[in-house]
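Just so it is clear, none of the values below were taken in a lab; they were calculated from the coordinates. A quick note: this is a predicted structure, and the numbers were derived from the prediction, not measured.
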Amino acid sequence: MLNSRNLLSALAVLPLLAACSSGDAPATPDSGDVDAPAAEEVPAASATAPEAAPAAAGTTEAAPEIAKAETAAASSEPARIDGITNKRLTFAKGTSGATVEGAIAGYETIDYLLNVKKGQAMNISLGTKHTATYFNLLEPGETDVAIFNGSMGENMFEGVAQKSGDYRIRVYMMRSAARRDEKADYRLEANVS
């Protein structure tokens with residue numbers, strides 16, 4: 001009998017199998033990259049998503065601020081784990097979302113860390129003109145198995161957090177495009193309520 005974790009694992013493998021048959025697998029950093037710095041933990045203390053607060057009658061919620069990718073990092077030198085750059089998504093005071101504009105090239109992969117409490121609603125989307133750039137969503141503590149894979153359809157996730165902690169929003173390029181060292185500009189939006 002399949003439990004939900006096994007089912008999620010099986011679903012995460014499907015795009016890889018499909019990509020292998022088409023020669024278009026997700027890009028991954030070279031496993032032989034010995035120059036990558038050791039993994040560091042990104043402090044989570046200041047990154048907790050805000051509690052949902054009811055909007056005042058007759059008001060509209062402020063649009064999320066556009067942040068530079070560098071300002072979303074927890075330090076001036078973001079942590080690298082297995083060749084993946086980690087950047088902390090933070091919300092401006094009084095907002096429940098953040099927008100980051102960035103770019104990746106080739107095999108570059110970025111994990112945006114979003115601290116969410118169990119039961120909070122998440123709405124995440126990635127806008128890009130590049131047709132081989134996607135995002136996956138990984139639960140806290142997970143490094144490989146995604147609960148959402150953008151390459152399977154739209155680059156948009158809506159759901160409720162099943163765990164508290166840092167969710168990883170992994171922005172990457174499919175291997176066929178990464179191999180050609182293509183570049184992709186993107187706009188990542190994350191809202192939590």
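For region 76-193, report the % of Cα-Cα distances exceeding 22 Å. Result: 29 percent of Cα pairs exceed 22 Å. Full extension of the chain segment joining K93 with E154 gains 19.0 nm, where the gain is 0.36 nm per residue of separation less the Cα-Cα distance.
In straight-distance terms, cross-link reach from K117 covers every one of the lysines whose alpha-carbon lies under 27 Å from its own, apart from those fewer than eight places away in the same chain; here that gives K68, K87, K93, K163.
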